[in-house]
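One structure is given below, encoded as structure tokens.
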Amino acid sequence: DEIGPKIFGAELFRNGSITFEPNLRIATPKGYVIGPDDKLLIDLTGDNEASYNLQVSPEGVINLQYVGRIAVGGLTIDQATSKIRTAMGKTYPSLRSGRTTVSINLGNIRSIKVVLTGQVTKPGTYTLSSLATVYNALYASGGPSQNGSFRKIQLIRGNKVVSTIDVYDFLLRGIQQNNLRLQDQDVINVPVYEKRVEILGEVKNAALFEV
């Protein structure tokens, strides 16, 4: 039995009832960033009917029949759709008039590698789905350790902190603010907590709270 108060929030990543697994059966999120090894399903409907299943090359390029090479790596699905539609417009004039429409979806979910460092229960490199978010990675690693902060978790991309996550937002209000979708080679760093307050006695949550 655990002696003394529990750290508020620790249960979230350890109890097994919330896994934060990304739903792989949803339509491709518009903000999804395309990378090498993604497969793009391109469907033309209307005056022109055609379907393509194209793999993005390591250089971030697809090769589309009758159209040529289109660079899509690093673009969101929305941006890529617009670029592909423009490129195809030369070959398929009915795309420009609206008599043909194009839709683009992911044909597969690739894997990405993410590093968890600092005060994490199980630090290391994790292979996750490219739809995974910061919370998925925290769950996979067991969340912050005994001395880890729940309120200042850093998502580092290209050596810059791009988001700071406060788990209390989710625990107290159900808000997953700043819980960004991960990209390959992202680093999640859990710093040491700064201050904690112990609340005991006749309270709903007797625990250690980070302030």
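Go through SER57, SER82 for me and flag whichever is without any contact (Cβ under 8 Å) to a residue 12 or more places away in the chain and surrounded by fewer than 17 Cβ atoms within 10 Å (Cβ to Cβ).
Just one listed residue meets the conditions, SER82.
Test LEU41 against the criterion of being at pLDDT 90 or above, within 19 Å of LEU131 (Cβ to Cβ) and surrounded by fewer than 18 Cβ atoms within 10 Å (Cβ to Cβ), and give yes or no.
Yes, satisfied.
Just one of the numbered conditions (1) over 21 Å from GLN183 (Cβ atoms); (2) touching a Gly at 6+ places or on another chain (Cβ under 6 Å) is not true of GLY89; which one?
Unmet for GLY89, out of (1) over 21 Å from GLN183 (Cβ atoms); (2) touching a Gly at 6+ places or on another chain (Cβ under 6 Å): (2).
Across the stretch 69-79, which residue is nearest to GLY31 (Cα to Cα) among those that are loosely packed, with under 15 Cβ neighbours inside 10 Å and modelled with pLDDT under 95?
Among them, the one singled out is ASP78.
State all residues of the stretch 148-179 that are in a loop (DSSP other than H, G, I, E, B), open to solvent by 40 Å² or more (accessible area, probe 1.4 Å), at pLDDT below 90 and not basic (Lys, Arg); if no residue qualifies, say none.
Once the filter is applied, which keeps residues that are in a loop (DSSP other than H, G, I, E, B), open to solvent by 40 Å² or more (accessible area, probe 1.4 Å), at pLDDT below 90 and not basic (Lys, Arg), the stretch 148-179 yields GLY174, ILE175, GLN176, GLN177, ASN178.
How many of the residues in the stretch 180-196 are among the acidic types (Asp, Glu) and either modelled with pLDDT of 90 or more or in a strand (DSSP E or B) (or both)?
The qualifying residues number 2.
Within the stretch 39-57, how many residues are over 16 Å from SER103 (Cβ atoms) and either within 20 Å of the chain's Cα centre (by Cα) or of a type in the set (Lys, Arg) (or both)?
The total comes to 1.
The values are calculated or read from the model by the stated rules, or taken from the named source; none is laboratory data. All of these numbers come straight from a predicted model, not from anything done at the bench. Virtual Cβ from ideal backbone geometry, glycine too; neighbours counted across all protein chains shown. Side chains included, ligands, DNA and RNA excluded: accessible areas come from the protein's heavy atoms. Shrake-Rupley method; radii C 1.70, N 1.55, O 1.52, S 1.80 Å.
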